[in-house]
1. For the range 53-76, which positions are of a type in the set (A, V, I, L, M) and open to solvent by 60 Å² or more (accessible area, probe 1.4 Å)?
2. Can you name every residue in the range 68-119 that is closer than 30 Å to Ala52 by Cα, touching a residue at least 12 places away in the same chain (Cβ under 8 Å) and of a type in the set (S, T, N, Q)?
3. Collect the residues in the range 53-80 that are among the hydrophobic types (A, V, I, L, M, F, W, C) and farther than 24 Å from Ile35 by Cα, keeping them in residue-number order.
4. Return yes when Leu38 is surrounded by 12 or more Cβ atoms within 10 Å (Cβ to Cβ) and either under 30 Å from Leu116 (Cα atoms) or in contact with an Asp or Glu (Cβ under 7 Å, 6 or more places away or on another chain) (or both) and no when it is not.
5. Pick out the one residue from Asp83, Asp111 that is modelled with pLDDT of 95 or more and open to solvent by 60 Å² or more (accessible area, probe 1.4 Å).
Amino acid sequence: MLTDNDRMMQAERECVECIKKLEGMVSAVAMARQIVGLRDDRIKKSLSVLVAEYIRKGGSATGAEWNARADERFTQMASDILDQTAEAASILLKWDIERLKFENAQALRNDERAKLKML
């Protein structure tokens, strides 16, 4: 069985490990937040590009929008955006899990410190 000090040191090592992982994920998380946050705008922009194309061909605004939504290119663009968003959401979930691991290790470390102070 681990002594209180050993448990505290193990929790401290886990905290350091989590911090290193979190620091290594910073740029990926920043990009992932942008991808997730701008998903709807990116889909609307893809649609508007096709709508503009159909309007230039002489269609009405409503007709152009319906044609753009039915266009296979829009379906593919939306699918790509949703795939990218899913990948980004996965990165954000990994970040959250790592942060929870850190918080758990930190709480354990603090509990062990408190026990040692009582001795």
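The values are calculated or read from the model by the stated rules, or taken from the named source; none is laboratory data. Quantities reported herein were computed from a predicted structural model and do not represent experimental measurements. Because the Cβ atoms are built from the backbone with ideal geometry, glycine has one as well, and the counts that use them run over all protein chains shown. SASA here: full protein model, heavy atoms, side chains in, ligands and nucleic acids out. Shrake-Rupley method; radii C 1.70, N 1.55, O 1.52, S 1.80 Å.
1. Within the range 53-76, Ile55, Ala61, Ala70 meet the criteria.
2. Residues satisfying the conditions are Gln84, Thr85.
3. Ile55, Ala61, Ala64, Trp66, Ala70
4. no
5. On the way: Asp111 fails: modelled with pLDDT of 95 or more.
Residue meeting the stated conditions: Asp83.
Per-residue answers, yes or no, for (1) in contact with a Lys or Arg (Cβ under 7 Å, 6 or more places away or on another chain); (2) at pLDDT below 95:
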{"position": "Asp4", "(1), (2)": "yes, yes"}
{"position": "Arg13", "(1), (2)": "no, yes"}
{"position": "Ser27", "(1), (2)": "no, no"}
{"position": "Met31", "(1), (2)": "no, no"}
{"position": "Lys44", "(1), (2)": "no, no"}
{"position": "Ser48", "(1), (2)": "no, no"}
{"position": "Val51", "(1), (2)": "no, no"}
{"position": "Gly58", "(1), (2)": "no, yes"}
{"position": "Glu72", "(1), (2)": "no, no"}
